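See structure below.
The values are calculated or read from the model by the stated rules, or taken from the named source; none is laboratory data. The structure presented is a predicted model; accordingly, all values stated were derived computationally and were not measured. Glycine gets a Cβ as well: all are built from the backbone with ideal geometry, and neighbour counts include every protein chain shown.
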């Protein structure tokens, strides 16, 4: 589905707060807009976004039409073990998207 | 010639004045912050609070005081720690006073998080107040209010 960009630090120390930034390409159609022929464009926003750290959910965002198109999220998680961050989201049309990032924990 | 002897003091005084002036300017440019104003009347917010009275002051909601484009307004919500055992933030919800869908977002922390600091971009249908509500694992409820003037509203209502 939608393309996305993820940014996490290349290397972090155990116990540090890790800044995670993600931006997802999605129109976040509010359902209040009309097309050129006057027909209402169906509402379709990303309704749920989940970030998992080594399989465990650490951050969940439930979004709606109040979030700007191409949603951007920035949050923090606590570094424990090296491993994988997986991001998954689903919109109201049922379309899913995902992204992966690896986190290297030193010390 | 006597005048030339005094400049060190005069210039120090002037410097203080400049610093003070700068501080006043900086204070005026600070983004909208939570204050002790009562919560705006939003039915969805009342339903979410379910009779609980949130504490104001600890949760911080940063939105620009003036937003040119309501289609994308930078939003930051922070809750300074440290959090006692069993007192971590479990969720933060955002409510808009004027949007057709008042509940804009809800963020959840399935595991305790040391640093609660979320940034995103919101849509705002006109000048209004925005409320953030944080719920802690122990049941405490915190809120923050930010007032935003929106020059160009997000066309959320089709007008």
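Pick out the one residue from A:57, A:71 that is free of Cβ contacts under 8 Å to residues at least 12 places away in the same chain and under 13 Å from the mean Cα position of the chain (by Cα).
Checking each option against the conditions leaves just A:57.
Under 18 Å from the mean Cα position of the chain (by Cα) and either within 14 Å of another protein chain (Cβ to nearest Cβ) or more than 15 Å from residue A:67 (Cα to Cα) (or both): is that true of residue B:85 in this structure? Working first, answer last.
Values: under 18 Å from the mean Cα position of the chain (by Cα): no; either within 14 Å of another protein chain (Cβ to nearest Cβ) or more than 15 Å from residue A:67 (Cα to Cα) (or both): yes.
Answer is no for this residue.
Restricting the search to region B:62-82, which residues are in contact with a strand residue (DSSP E or B) (Cβ under 6 Å, 6 or more places away or on another chain), at the interface with another protein chain (Cβ under 10 Å from one of its Cβ atoms) and under 10 Å from residue B:124 (Cβ atoms)?
The answer is B:69, B:70, B:72, B:73, B:75.
Enumerate the strands (runs of 3 or more DSSP E) found wholly within chain A, keeping only those where 2 or more residues are under 21 Å from residue B:117 (Cα atoms) and within 11 Å of chain B (Cβ to nearest Cβ).
Qualifying strands (runs of 3 or more DSSP E): A:17-24, A:46-53, A:56-63, A:72-78.
Which condition from (1) within 10 Å of chain A (Cβ to nearest Cβ); (2) over 30 Å from residue A:34 (Cβ atoms); (3) touching a helix residue (DSSP H, G or I) at 6+ places or on another chain (Cβ under 8 Å) is the one that residue B:141 breaks?
(1)
Return a yes/no flag: does region B:109-121 have any residue that is more than 17 Å from residue B:49 (Cβ to Cβ) and more than 11 Å from chain A (Cβ to nearest Cβ).
Checked against the condition, which is being more than 17 Å from residue B:49 (Cβ to Cβ) and more than 11 Å from chain A (Cβ to nearest Cβ), region B:109-121 yields no hits at all.
Would you please name the residue that is nearest to residue A:60 (Cα to Cα), looking only at residues in region B:95-108 that are more than 7 Å from chain A (Cβ to nearest Cβ) and touching a helix residue (DSSP H, G or I) at 6+ places or on another chain (Cβ under 7 Å)?
Filtering region B:95-108 for residues that are more than 7 Å from chain A (Cβ to nearest Cβ) and touching a helix residue (DSSP H, G or I) at 6+ places or on another chain (Cβ under 7 Å), the one nearest to residue A:60 (Cα to Cα) comes out as B:95.
Quick one: residue A:17 ticks every box in (1) more than 29 Å from residue B:100 (Cα to Cα); (2) under 13 Å from the mean Cα position of the chain (by Cα) bar one, so which box is it?
Checking residue A:17 against (1) more than 29 Å from residue B:100 (Cα to Cα); (2) under 13 Å from the mean Cα position of the chain (by Cα), the one that fails is (2).
Any residue that is under 30 Å from residue A:17 (Cβ atoms), in contact with a helix residue (DSSP H, G or I) (Cβ under 7 Å, 6 or more places away or on another chain) and outside any loop (DSSP other than H, G, I, E, B) - is there at least one of those in region B:148-157?
No - not one qualifying residue is present in region B:148-157.
Just give me the residues in region A:47-65 being modelled with pLDDT under 95 and either over 22 Å from residue B:89 (Cα atoms) or crowded, with 16+ Cβ neighbours inside 10 Å (or both), in sequence order.
Listed by number, the residues that qualify are A:64, A:65.
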